[in-house]
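Computed from the coordinates by the stated procedures, all read-outs in this text should not be read as laboratory data. Just so it is clear, the structure is predicted and the values come from calculations on it, not from any experiment. Here the Cβ positions follow ideal geometry from the backbone for every residue, glycine too, while neighbour counts run over all protein chains shown.
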Amino acid sequence: MAKVLVCVAWPYANSPIHLGHVAGSLLPPDLFSRYRRLRGDEVLMVSGSDQHGTPITVRAEKEKVTPLEVAERYHEINKKAIEDLDIEFSLFTKTHTENHFRVVSDVFLDLLQKGCLYEKSTLQYYCPSCQKFLPDRYVEGICPACGNEKARGDQCERCGKTFEGGELKEAKCVHCITVPELRETKHHFIKLSAFQERLIDWVKDKQHWRPSVQLFTQNWLEAGLEDRPITRDMEWGVPVPLPGQDGKVIYVWFDAVIGYLSASMEWAQRSGDPDAWKAYWTDPQVRSYYFLGKDNIPFHTIIWPAILMGRGGLNLPYDVPANEFLTFKGDKVSKSRGTTIDIPSLLKRYEPDIIRYYVAANMPENKDADFSWEDFEAKINNELVATLGNYYHRVLSFTYKHFGEVPEFKGASEDREEMMSAIREARDAAEDALDGCHFKRALKTIMDLAQFGNRHFDSVGPWALIKKDREQCGSALYLHLMLVKALAVLSSPYLPRSSERAWKFLGQVGTLQQAGWSAVEAELPAHQKLNEPKPLFSKIEVEKNEGDSVFGGFETLNLKAGRILKARDHPNADSLLLLEVDIGKTIQVVAGLKAYYTKEEMEGREVVVVSNLKPAKLRGEQSQGMLLAADAGEIVKLVSPPSGSRPGDAVSSGLKQSDRVIEFKDFQKLILRVAEVSGDHLDVGRAVKAKGPTELKGRKVVVYLPSEDAEEALVLSSERGPVTVDDAMPGGATVR
RNA sequence: AGCGGGGUAGGGUAGCCAGGACAUCCCGUCGGGCUCAUAACCCGGAGACCGGUCGUUCAAAUCGACUCCCCGCUACCA
C-alpha cells in the first residue's frame, strides 16, 4: 500500500468545461486514481478552479459584474459537472480562498527570503485615459532596433528583440490610442536562470515521461531560461504580501501552480488533520503525478519544479503525463447546428459512463484526436454496447433464467485454467498499461477480454448445452460469470456506475469498490443468488439536424456586395492598401492587393466582402472585413458581384447568413474556388455538380465546396445572379 | 515564415524510443455460421508498396539525411 499524489491542471473559471478538458486533464487522473485506490493505495487527488487572471476580468467587464461573480459562477458549474461525471477528487477547490491566498503568500515570502525572487524597477506603460498599467500586448510602438512600427510592449516580432518598458518609441495604447505615460513600477522577478542547471539535471533521467513531454522540456531548457516577472499591476488576484505593494497581484500562472499545494493543505484541514498533506508532499517515496494538456507543459516541468526547488523540502513531479488536444473537425458546424460539447449539456443527454468510455477510447495520448458525433455514436454502439454490454447481458440473463444463482463448477480443470489464465493475462496487461498511464491501451485490453468472452461463449453454446447436460452447462456459465466479474472490476475505473450494477446482478455483497482489484480473480460462491439483469448500456442515437444542408459551412459566412470608395497606401506596409468600402455602411478594409491593383483601379470597383470577420489590426490599421479575390499564383483578380448589385446586397446563395463573428482562421478553412460553368456542371479542375444558377455558360463563377472531394458545389450568388470573376482565372483557383 | 506534433487498407487507430519471420485493432465492405443476447455475437475473405527519395544494416513502419503534405501556437496570412 502506497500513497500517491495526483494533481490535475486547474480549469479556468471563465466558461463551462468541455470534452477537451475531460480528455486532456480530467478523465486520465480519475482513471489512474480509481485504479490505484482499487489496488489499495491511498490517493490524494486535488484540483480546483483557476479564478484569477485577465480573461476573467475582461468577461466581468463585458457582463458588468464583478470578477468574483464570474469566477464563482463557473466554479460552481464546473464543480458540479465534474462531480456528475463521476470524477472523484479528494478536493476540488478554487484559487479565490483565504487558504490559497495564505499559501501563495507564504511561498512568495519564503522564496523572497531565500533570494529566489528579486524586485526590479521597470518602466511600464500607464494609460491615463484607461487609468491603468497596460499589459505588454496592449502597447504598440516602433522598435528601436529595427524600426518595425508595430512592435509590442515586450518584444519586437520582426527582429525578435525583447525589451523593457521605455525602450519602445512612439508607444500607443491599443485600446484608446492614447499615448501612455511611462511610469516606474516595481515588480518581483523569479530567478529562473538560477535553476537552469538543476532543472536540466533533473529532467535528464526522466525516461518514464512521455517522449513529447521530455523532449519539449529539454529543448526549452537548453534554449535558456530568462527571469520572469511574477507580479503585475492589477486588482484581481492574490495581493503581493508586502507593504507598499497596493495594486499589485501575483501573476496568475505563479498563483495557479501553487494551488496544488494549497489544495492539499485545505484537504488536510478539512480531514481533521492539518498536517496530513505532509505525508504526500515530503516523503520522497510518494510519487506525484501531474495531469494536464500539452499547452501547460512548461509550467509543470520547469516553473513549478523551480518554485519547489526554491522552497525546498517538497517533492518534485514524478511524472507529467500531458495529453495532446481533442480537436473538433466540425466544430464550427456543430455550433451552428446548436449542438454543444460542453459537459453540463452533454450530461443532460448521456450517462457519465457513456461519455467516459468515449473519451477514454479516443484519448489524445500521443497525438491530437478528433471528435465527431459520428465517431461518438459508432464507438458507443459498436464497442461499448455491442461487445461489452452484450456480453454481460447474454451471460447474466441466460444464467439468471436457467439457474437464478451462481451454478456450481464441476467441469474439467483445464477449462477453468483456460478461463482464468485469460483473465490473469488481461489483468496483467491492464496493470502494465495503467501503471504507465496508457489509458487507451488498458481499455483495449479490457475490450479484447470481452471479445474473448463472446467467442468462448459461442464455442460452448450454452443454449444447446442446457438441453443436453445441465451440469456441464452450469459449469461453463460459472466460468463466464467469473469473466463478467473480472470485466466489471477491470473496467470499473472507466465505467464505475455500470460496473457496480454488474456487481449487483452477480449478487455480490457490498460494493465492487470495497472488494477492490483482487476481486478480479476471487471465487464466486456457488448458489449465490443472482439479481435480475437489465442491459447495462443502450444504443445511442446522435440527433442529426435536418435542415442542415451539406453547405452548412457556408452559412457561417456573411457575404455582401460592396463598392470601394477610396483606396490609399497603408502607412506602415509595403504590400497593403487601406480601403474604404461601402457595404450598406462604410467600413475600413486592409487588403494585400497592392501588387495586383493600383489605387485608381480599385476606386469605384464593385467587390464582394466578407462582412462578419472578427476585426483585426494589420500593421496598426483596423481591418473590418476582407475582399474576395481569386488567386492562381501569378494572377490575382477581385471577385465581382452580379451586375446591378447595390452595396449591402446579401450574397447568400439563397441560404441563411450568419450574424456571428467568425475568426479569420475559421474563414480560411472554408473552401472557395473558381469554377467554369459548362453545361449543367462545373469545372473546378474536375467536374462537380452545381447547386445554384448556371446560366452563364463559359463564364467563371465562384463556388463553395463543403470538402475537397465534394461532389456538389454551391455557386455564390445574390438574388441578381451569380458572383463572377475574370475569365482569365482557371477553374479550381483558390478564392480568399 | 518560425517553433512544436503528425502522416500506417475507404475512415479511425496500435506498433516506432529499446530495428527482425504473415504489420494491430475498431468501423465499413463481401461471404458464411449461430440464435442465449440490445438486428446482437462468432468465423472467413478482400483491402496498406507503413507520405516520398536516399542512406545505415544480413534485416527498417521502426535508425539517419533530405523532401512533400496536414494540424496546433506564433507572424506584415485579409
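Per 0.36 nm of contour for each residue apart, how much would the distance between residue A:372 and residue A:218 grow if the chain were fully extended, relative to their Cα-Cα spacing?
Working: separation 154, 0.36 × 154 = 55.44 nm, distance 3.43 nm.
Value of the extension gain: 52.0 nm.
Per residue and in Å³, how big is the convex hull formed by the alpha-carbon atoms of region A:169-323? Let's see the in-between values first.
Details: hull volume 26.5 nm³, N = 155.
In region A:169-323, the Cα convex hull volume per residue is 171 Å³.
Can you put A:704, A:597 in order of Cβ neighbours within 10 angstrom, beginning with the fewest?
Details: A:704 24, A:597 20.
The most exposed by this proxy come first: A:597, A:704.
Pairs to check: A:62/A:560; A:401/A:534; A:504/A:534; A:120/A:191; A:62/A:186. Give those whose C-alpha atoms are more than 19 Å from each other in this structure.
Details: A:62/A:560 29 Å; A:401/A:534 12 Å; A:504/A:534 11 Å; A:120/A:191 12 Å; A:62/A:186 30 Å.
Where the Cα-Cα span goes over 19 Å, the pairs concerned are A:62/A:560; A:62/A:186.
How many nm is it between the label spots at residue A:646 and residue A:599, if each spot is 7 Å from the Cα in line with the beta carbon?
Label-label distance for residue A:646 and residue A:599, simple model: 3.0 nm.
Could you derive backbone 3J(HN,Hα) for region A:76-84 from the dihedral phi with the Karplus parameters 6.51, -1.76 and 1.60 (θ = phi - 60°), listing whole Hz in sequence and x where the residue is Gly or Pro?
So the Karplus estimates, Gly and Pro as x, are 5, 4, 6, 4, 5, 4, 5, 4, 5 Hz.
For residue A:565, which sequence-distant residues (separation of 5 or more, or a different chain) have an amide H within less than 5 Å of its own amide H, given hydrogens modelled in the peptide plane?
Long-range HN contacts for residue A:565: A:580, A:581, A:582, A:604.
How do the peptides A:489-498, A:50-59 rank, highest first, by the average count of neighbouring beta carbon atoms within 10 Å per residue?
On the way: A:489-498: 24.5, A:50-59: 21.2.
Order by mean packing, descending: A:489-498, A:50-59.
Scan around residue A:228 for amide H atoms under 5 Å from its own, H built in the peptide plane at 1.01 Å from N, and keep only partners 5 or more places away or cross-chain.
Residues meeting the amide H criterion: A:190, A:192.
With θ taken as phi - 60° and the coefficients 6.51, -1.76 and 1.60, list the Karplus ³J(HN,Hα) couplings across region A:455-468 in order, rounded to whole Hz; mark glycine and proline as x.
For region A:455-468, the Karplus-derived couplings read 4, 4, 4, 4, 5, 6, x, x, 5, 8, 4, 4, 7, 8 Hz, x marking Gly and Pro.
Quick check: residue separation of residue A:42 and residue A:469 times 0.36 nm, minus the Cα distance between them. What number comes out in nm? Let's see the in-between values first.
Working: separation 427, 0.36 × 427 = 153.72 nm, distance 4.76 nm.
Gain in length upon complete extension: 149.0 nm.
Using 7 Å Cα-to-Cβ label points, what is the residue A:245/residue A:122 separation (nm, one decimal)?
1.5
Note the full-extension length gain between residue A:181 and residue A:276 as 0.36 nm times their separation in residues minus their Cα-Cα distance, in nm to one decimal. Don't jump to the answer; show the numbers that get you there.
Working: separation 95, 0.36 × 95 = 34.20 nm, distance 5.03 nm.
Here the answer is 29.2 nm.
For the pair residue A:205 and residue A:585, how long in nm is the line joining their label points, each one 7 Å along Cα→Cβ?
6.5
Which cross-chain or sequence-distant (5 or more) residues have an amide H under 5 Å from the amide H of residue A:325, H modelled 1.01 Å from N in plane?
Long-range HN contacts for residue A:325: A:368, A:369.
Could you give me the ³J(HN,Hα) list for region A:42-59, computed from phi with Karplus coefficients 6.51, -1.76, 1.60 and θ = phi - 60°, whole Hz, x at Gly and Pro?
Coupling constants for region A:42-59: 9, 10, 10, 10, 10, 5, x, 8, 7, 9, 9, x, 4, x, 6, 5, 4, 4 Hz.
Based only on other Cβ atoms within 10 Å, what is the fewest-to-most ordering of A:212, A:459?
A:459, A:212
For a Förster distance of 45 Å, can you work out the FRET efficiency between the beta-carbons of residue A:65 and residue A:294, rounded to the nearest 0.05? List each step's numbers first, then the result.
Details: r = 33 Å, r/R0 = 0.72.
The calculated FRET efficiency here is 0.85.
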